[in-house]
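The values are calculated or read from the model by the stated rules, or taken from the named source; none is laboratory data. Source: prediction; values computed, not measured. All Cβ positions, even for glycine, are placed from backbone atoms using ideal geometry, and neighbour counts span all protein chains on display.
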Amino acid sequence: MADFLFFLQQITNGLALGAVYALLAIGFSMIYGILRMMNFAHGDLYAFATIFIAALLIDEISVILAIPLGIVVGTVVGIVIERVCYRPLRFVDRTIAIVSSLGAAFILRNGSEYFWGVHALRFPLLLGQQQVPIAGVNFPVTAFYVIAAALASLALFGLFMRRSKIGSGILFVAQDIPTSSLMGIPINRTIVLVYAIGGALSVVGGVLYGSIYGVVFPAMGFPGTIKAFVAAVVGGIGNLGGALIAGLLLGVIETVVVVYGAQFFGMPTGYRDAAAFILLVVFLLFKPTGLMGTRVSMTEVGAIASMGYSAVAKKTVRLLGLVAVPRAALAPAAVAVAVLLPLVLTDQYYLRIISIVFMYSIAVLGMNLVLGYCGQFHFGQAGFMAIGAYTTALLLLHTETNFVVALLISGGLALVAGLLIGIPALRVRSDYLGLVTFAFGEIVRLIIVNSEFTRGPMGLPGIPLPELFGVKIVTPVDFYYYALVLLVLAYAMCAQVTRSYIGRAWRAIYEDETAAEAMGINTGRYKILAFGLACFLGGIAGAYWATQLRIVTPTMFELDLSVMVIIMLVLGGMGNLPGSIIGAAIMIGATELLRPIADVRSAFIGLVMILVPIFRPQGLFVDLGPTLARGWARIRGSRPTGADGGGR
Amino acid sequence: MLKIDDLATGYGYAEVLHGLSLELNEGEIVAVVGANGAGKSTLLKTISGLLPVRRGTMTFKGESLVGRRPEDIVRLGIAHIPEGRRVFPYSTIDENLSVGAYTRDDRAAIEADRDAAYRRFPVLRERRDRLASTLSGGEQQMLAVSRGLMSRPKLILMDEPSLGLSPIMVDRVFDLVRELNAEGKSILLVEQNATRALAIAHRAYVMVTGEIALAGTGPELLGNAEVQRSYLGG
Ligand SMILES: Nc1ncnc2c1ncn2[C@@H]1O[C@H](COP(=O)(O)OP(=O)(O)O)[C@@H](O)[C@H]1O
Ligand SMILES: [Mg+2]
């Protein structure tokens, strides 16, 4: 009996946490459902506004004032994100919009760290911590208040959608934007509203979170996004009732898995997120349409409605990034320059940095194949780099394996891991690959942090220097050439593959998967191939990294790394191989140059991530005026419907 | 009523309409016929504000339409019934009709108009609480027309209303066009089924790759040997 009551208590706690997730998920799901855009700034918006409230409360500003102010901040930030990160890009490419939302996430995160510090802020337990003892088990009354508050906000929102004119437009805009426009629905205002409501609801979630746990902190943002994403997918994208139920379910599962996992299996609580993800992946495999599987989700509807212009938009506006594709003749010249460089550039610091640029370039080239050429979302390159790095580290530390063999095993293992998660995920739907890889990257990191053989957070130091035929690779110059050889090989492979029929198939899939399939292309096989190669190159890059640094630690492979690799890709230009190297060089260069202003560095990078897609500075060196004018026009103009106006 | 002069527009880098002029007087049915890809739908999308005007003028009852947003154009009294019907598949018939009156606020009158729509098409009343996706093609066309009427337009832009319908439904659609015209609506009718369109139009234009090739009364064009050969498959 006591056991059962304890179980009920956990369920109650889980539901309270789930109520927070539900509030986050509904905003996320609306935005995703209407615009097919994954708003990766969603969680950081919630963290930012909640921390803002906490700061106000610490300054003894009354709750009555602080919470509404925080909600206003959340709403305004939501509107700004729509205006700056989405509207200018609405008809461009979804990947690009993801980068720009990540940029917004960086800025928000950096902003809250800058203003209120990186550490947790105390949050008052607004709903008290009253407990009612029933048969020896304390029932948290607070949890019921939290659930009630969440449901009340959602009811209010539902009423608004049903009763107000502007709110009722949301449902139609979600189905068919151009036709909604013909009905006289103001599209831009409706979409702004979606972001505003999404922001406001998430702040309510943040306040409830603070009231449950008593602390709020900048790092709660990204997990918030992920939970929202997971709940939105499980609930069926765009299905708001589904998001609510899935959010609650997620909270319960998480709580139960953590409590009982620790109790029965001694599982470290660090696995909390991993548990939820694994369940999610399993769930998706069996029920890809989401929890409310019988109803068609709005995404599909939106996709049907937008087909008319998205196909055209994709063709006309393939984002070029910073560099135009150089002529083929440049490749040997570039290699020659790279080979001779150490003769001129003797500063070891620079050589080390350039070697790191080469390492990143290999990982970015892999991303380029899967995302830039084939158009499949892959957000977990850090996980595959980690597999490569730890495999090499363990082999070199504990066995007599030669580093070349270790390198190949590392790449091979990353490839196998990639196939294991990629095959089921890609069979379901391309977007899910994004989610699954995302989750995978985090799971790999969690395993590394929580395992004995990786020595947890301490990492593996003292990796022996690589040696080939009795020659040791020791100096930065040695490593520079080692990295260069790897990069040239990786580049040659990518160039070969993308030029072949495989590359053509990838591009066909990128442009229009359904059409590609109709043309007889086995899209599944080509998608897996792209993804597998990307994972392989990630593993190789990680393996190199381990040998150059001679130490591997879990902090090297945080989510930021996956994000960084995507940014490099977009900066350099998707579907542009030399661009991958240039993008890596720019990002590493910027990171080094911005060291003096380290406390606002990531906000700065975030700003670049937002501005580059808008202004498309491939022309910055060519025609500055028109490029700026075009970018500005995108910020200002963007026709409300964009119906069939793709490519502008 | 509607006056278009030297209109140019397009998508991205491609210009589709190159200086098109056209006129429609109050109470008329004007047909625009032409081959697939001639730019007929593009013309309608430009009038209703979905596509920006690049050059030329466009006035409705003396007021310029250039640069106006779609919702303002609906308010001026122009309804666009899009190609392929485009009913909202996951909303009910009732909701589809309501959204047609989005620009209006007179609840009682909206209710009356919805009732009128149901009287015109009793099938729709029977299924008012079903999702629009469950309707047949012909029924969806009825719904699309009714939805367009809910904004109380003076001018209706119809894009290929007979496309993909059974012969019986095609007859009903053309009857409907006449009926609406008799009720005082002006109609700009875009059709590939040129014979039928010319037969009911007061005046008509033949469009070829973004330009007006020929203009005349309906019967004139029907009798024109060249039109017969090129567009009517005769
Ligand atoms: N969304 C679009 N994006 C780019 N070009 C388009 C789009 N829609 C139509 N076009 C092009 O504009 C031209 C005219 O198309 P449209 O107006 O649909 O012709 P019609 O309605 O007469 O069949 C065609 O060449 C077509 O390819
Ligand atoms: Mg057409």
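Taking the range B:122-141 only, how many residues are under 17 Å from residue A:182 (Cα atoms) and more than 16 Å from ligand 2 (Cβ to nearest atom)?
So the first thing to find is which residues in the range B:122-141 are under 17 Å from residue A:182 (Cα atoms), and the list is B:140-141.
Within this subset, residues satisfying the condition of being more than 16 Å from ligand 2 (Cβ to nearest atom) are B:140.
Going through the range B:122-141 one residue at a time, the tally reaches 1.
Show the residue pairs that are 6+ apart or on different chains and have beta-carbon atoms under 7 Å apart, the first residue being within the range A:324-344 and modelled with pLDDT of 70 or more, the second being part of a helix (DSSP H, G or I).
Listed by first residue and then by second, the contacts come to A:335/A:488; A:338/A:484; A:342/A:351; A:342/A:477; A:342/A:480.
Could you list all residues from the range B:1-25 that are in contact with a strand residue (DSSP E or B) (Cβ under 7 Å, 6 or more places away or on another chain) and within 14 Å of chain A (Cβ to nearest Cβ)?
In the first step, residues of the range B:1-25 are kept if they are in contact with a strand residue (DSSP E or B) (Cβ under 7 Å, 6 or more places away or on another chain); the result is B:1-10, B:15-24.
Within the range B:1-25, B:9, B:10, B:15, B:16, B:17 meet the criteria.
Condition test on residue B:28, is it modelled with pLDDT under 95 and touching a strand residue (DSSP E or B) at 6+ places or on another chain (Cβ under 9 Å)?
no
Inside the range B:127-226, counting only strands (runs of 3 or more DSSP E) that do not spill past its ends, which hold 2 or more residues that are within 16 Å of ligand 1 (Cβ to nearest atom) and away from chain A (no Cβ under 14 Å)?
On the way: elements: B:155-159, B:186-191, B:203-208, B:211-217.
In the range B:127-226, B:186-191, B:203-208, B:211-217 are the strands (runs of 3 or more DSSP E) which contain 2 or more residues that are within 16 Å of ligand 1 (Cβ to nearest atom) and away from chain A (no Cβ under 14 Å).
Read through the list (1) facing chain A (nearest Cβ under 8 Å); (2) under 19 Å from the mean Cα position of the chain (by Cα), then give the number of the only condition that residue B:78 fails.
(1)
Please determine, by comparing only the residues of the range B:174-195 that are farther than 18 Å from residue B:2 by Cα and within 16 Å of ligand 2 (Cβ to nearest atom), which one is surrounded by the fewest Cβ atoms within 10 Å (Cβ to Cβ).
Taking the candidates together, the pick is B:192.
Looking at residue B:33 and the list (1) within 12 Å of chain A (Cβ to nearest Cβ); (2) more than 15 Å from residue B:186 (Cβ to Cβ); (3) not charged (D, E, K, R), which single condition is not satisfied?
(1)
For the range A:321-426, which helices (runs of 4 or more DSSP H) that fit wholly inside it have 3 or more residues that are in contact with a strand residue (DSSP E or B) (Cβ under 8 Å, 6 or more places away or on another chain)?
Values: elements: A:330-344, A:348-367, A:381-398.
Where helices (runs of 4 or more DSSP H) fall fully within the range A:321-426 and carry at least 3 residues being in contact with a strand residue (DSSP E or B) (Cβ under 8 Å, 6 or more places away or on another chain), they are A:381-398.
Can you tell me which of (1) more than 9 Å from every other protein chain (Cβ to nearest Cβ); (2) surrounded by fewer than 24 Cβ atoms within 10 Å (Cβ to Cβ) is the one residue A:177 doesn't meet?
All conditions are met except number (2).
Looking at the range A:150-162, is at least one residue touching a helix residue (DSSP H, G or I) at 6+ places or on another chain (Cβ under 9 Å), within 14 Å of chain B (Cβ to nearest Cβ) and loosely packed, with under 14 Cβ neighbours inside 10 Å?
Yes, that holds for at least one residue.
Which of the strands (runs of 3 or more DSSP E) found entirely inside the range B:1-103 contain at least 1 residues meeting this: in contact (Cβ under 8 Å) with a residue 24 or more places away in the chain and within 16 Å of ligand 2 (Cβ to nearest atom)?
On the way: elements: B:2-11, B:14-24, B:29-34, B:55-60, B:78-81.
Counting at least 1 such residues, we get B:2-11, B:14-24, B:29-34, B:78-81.
Name the single residue that is nearest to ligand 1 (Cβ to nearest atom) among those in the range B:88-120 being closer than 18 Å to residue A:187 by Cβ and among the aliphatic types (A, V, I, L, M).
B:99
Return a yes/no flag: does the range A:178-200 have any residue that is of a type in the set (Gly, Ala, Ser), closer than 16 Å to residue B:49 by Cβ and in a helix (DSSP H, G or I). Quick ask: steps written out before the conclusion?
The initial filter retains those residues of the range A:178-200 that are of a type in the set (Gly, Ala, Ser), namely A:180-181, A:184, A:196, A:198-200.
Okay, now just the ones that are also closer than 16 Å to residue B:49 by Cβ, so A:180-181, A:184.
Going one step further and asking which of them are in a helix (DSSP H, G or I), we end up with A:180-181.
Yes: the range A:178-200 contains one or more residues that are of a type in the set (Gly, Ala, Ser), closer than 16 Å to residue B:49 by Cβ and in a helix (DSSP H, G or I).
Can you say whether residue A:372 is modelled with pLDDT of 90 or more, in the same structural domain as residue A:453 (by TED's automatic domain parsing) and either in contact with a Leu (Cβ under 9 Å, 6 or more places away or on another chain) or farther than 24 Å from residue A:568 by Cα (or both), as far as the supplied structure shows?
On the way: modelled with pLDDT of 90 or more: no; in the same structural domain as residue A:453 (by TED's automatic domain parsing): yes; either in contact with a Leu (Cβ under 9 Å, 6 or more places away or on another chain) or farther than 24 Å from residue A:568 by Cα (or both): yes.
Criteria not met by residue A:372.
Quick one: is residue A:193 more than 10 Å from every other protein chain (Cβ to nearest Cβ) and at negative phi? Lay out the reasoning, then the answer.
Values: more than 10 Å from every other protein chain (Cβ to nearest Cβ): yes; at negative phi: yes.
Taking the combined requirement at face value, the residue satisfies it.
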